[in-house]
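Worksheet: one structure, shown below.
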Amino acid sequence: MKKNTRYGIIALALAGLAGLGFIAYTANRTPAAGPLAPATTPATAPGKAGGGSPASFPTSVEVARVKSNDFTDDVSAVGTLKSNESVVLRPEIAGRIAAIGFKDGSVVGKGTELVALDAAIQQAELQQARANLALAQTSHQRNLELLGRKFLSQQAVDNSAATLKVQEAAVQLAEAKVAKASIRAPFRGMVGLRNVGVGDYVKDGQELINIEDVATLRVDFKLPETYIGRLSKGQSVEVTTDALAGEKFKAVLDATDPLVDANGRAIAARARLDNAAGKLRPGMFVRVRLLFGERKGVLMLPEQAIVPGGQPAVFKVVDGKATLVKVRLGVRRAAQVEVVEGLAEGDVVVTAGQLKLREGSPVRAIGDGGAAAPAAGAAAGQ
């Protein structure tokens, strides 16, 4: 009895599934042509144009218009700030530091004594040389008087004159040794942080302190060799740095390297920047913008309109159809590219969907300029 009940339930379930399938088939079946179904004539059949020729479905693409813009003709690069003058001071003789005449990070004038070495020995040698010089001068003067009285030969006078010159040279040598014990600033600038103190013994050639002329800074950067014909001394250069966000500094192009880097195909350039306020420091990373001038009426289009491949080309929309047009491009700026040749202001070009197009493909334009470029298929269906 239980087995019969189970079979009955299964039979009812199968019958229900069959009924649902029949209902679904009936609802989705295309009604047969009859008195209530209008006949399709060749003139109005789907996929036929008014003349009876097949019409392709238009491809939806994004478009944009070629626009005329005014912009500043420039080029950007990155560079490094360097001191106008920079030197690390080192003693030419060994000795013990007797005095230090500056404070760390201070500005010193040209000729300021920065480090004085103990020069007691050099001073003593200088005094000895001066004494010998005085004796040689007196002796030579006496010999001249004796020569006038015919009491001395000319040779003796010549010997005393030579001795006098030797003593004069000895004094100059001693004075030079004394001068080398005093280390002075070769130009006006800012001194760094010293690593020595009074009483330290230093060797000849040992680094003592660096001094930097930061009132004027050099801006060193590189540009592609294609700009070599457009660079000239005196051009305006705009400098910015992340360390002072929002501030712009004016510099002037000072010189270019006559040698082009064969590895990077770039030319080194240098600009000079007035840093009287002292906001910038040598070694800082900067962004450089070299200004060539203002350009008017430059034709620009989005970079994504360029069809990938060899020679630059774009799909231009004419009467609802895509036409492949070769173009010559210029500068690129903020996702826009200059069109030097091949297009005119107001032309509508495809910016997305180029890979789906062929020459003469009907398109449905979406975006800027879409209203002026109706799809070919849409016009045929009206």
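The values are calculated or read from the model by the stated rules, or taken from the named source; none is laboratory data. Computed from a predicted model, the values in this text were never measured in an experiment. A quick note on method: Cβ atoms are made from the backbone with ideal geometry, for glycine too, and the neighbour counts reach across all protein chains shown.
Assorted remarks:
Residue-wise test of (1) in contact with a Lys or Arg (Cβ under 8 Å, 6 or more places away or on another chain); (2) assigned to a strand (DSSP E or B).
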site: 279; (1), (2): no, no
site: 282; (1), (2): yes, no
site: 293; (1), (2): no, yes
site: 310; (1), (2): no, no
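- Test result for residue 238, closer than 30 Å to residue 115 by Cβ and touching a residue at least 40 places away in the same chain (Cβ under 8 Å): no
- Residue 159 among the polar types (S, T, N, Q), assigned to a helix (DSSP H, G or I) and either under 21 Å from residue 102 (Cβ atoms) or free of Cβ contacts under 8 Å to residues at least 24 places away in the same chain (or both): yes
- Residues that are over 15 Å from residue 88 (Cα atoms) and in contact with a strand residue (DSSP E or B) (Cβ under 6 Å, 6 or more places away or on another chain) within the stretch 194-223 comprise 198, 200, 201, 216, 217, 218, 219, 220, 221, 222, 223, listed in sequence order.
- Residue that is nearest to residue 186 (Cα to Cα) [pool: residues in the stretch 105-118 that are within 33 Å of the chain's Cα centre (by Cα) and of a type outside the set (S, T, N, Q)]: 107
- Of the strands (runs of 3 or more DSSP E) lying entirely inside the stretch 67-133, not one carries at least 3 residues that are assigned by TED's automatic domain parsing to the domain that holds residue 248, without any contact (Cβ under 8 Å) to a residue 12 or more places away in the chain and under 12 Å from residue 178 (Cβ atoms).
- Scanning the stretch 187-200 for any residue that is in contact (Cβ under 8 Å) with a residue 24 or more places away in the chain, closer than 15 Å to residue 119 by Cβ and buried (at least 18 other Cβ atoms within 10 Å of the Cβ) turns up nothing.
- Leading residue by the ranking (farthest from residue 217 (Cα to Cα)) among those in the stretch 251-280 that are modelled with pLDDT of 95 or more and of a type in the set (Lys, Arg): 270
- Hey, residue 322 hydrophobic (A, V, I, L, M, F, W, C) and modelled with pLDDT of 85 or more or not: yes
- Within the stretch 145-155, being loosely packed, with under 13 Cβ neighbours inside 10 Å and either of a type outside the set (Lys, Arg) or assigned to a helix (DSSP H, G or I) (or both) holds for 145, 148, 151, 153, 154, 155.
- Tabulated pairs, the stretch 245-258, first aromatic (Phe, Trp, Tyr), second part of a strand (DSSP E or B), C-beta under 6 angstrom, 6+ apart or interchain: 249/239; 249/273
- Flag if residue 213 is assigned to a strand (DSSP E or B) and not small (Gly, Ala, Ser): yes
- Single residue of the stretch 312-330 satisfying the filter (in a strand (DSSP E or B) and not aliphatic (A, V, I, L, M)) that is surrounded by the most Cβ atoms within 10 Å (Cβ to Cβ): 315
- Residues of the stretch 65-113 satisfying the condition of being farther than 30 Å from residue 305 by Cα and among the aliphatic types (A, V, I, L, M): 81, 87, 88, 89, 93, 94, 97, 98, 99, 100, 107, 108
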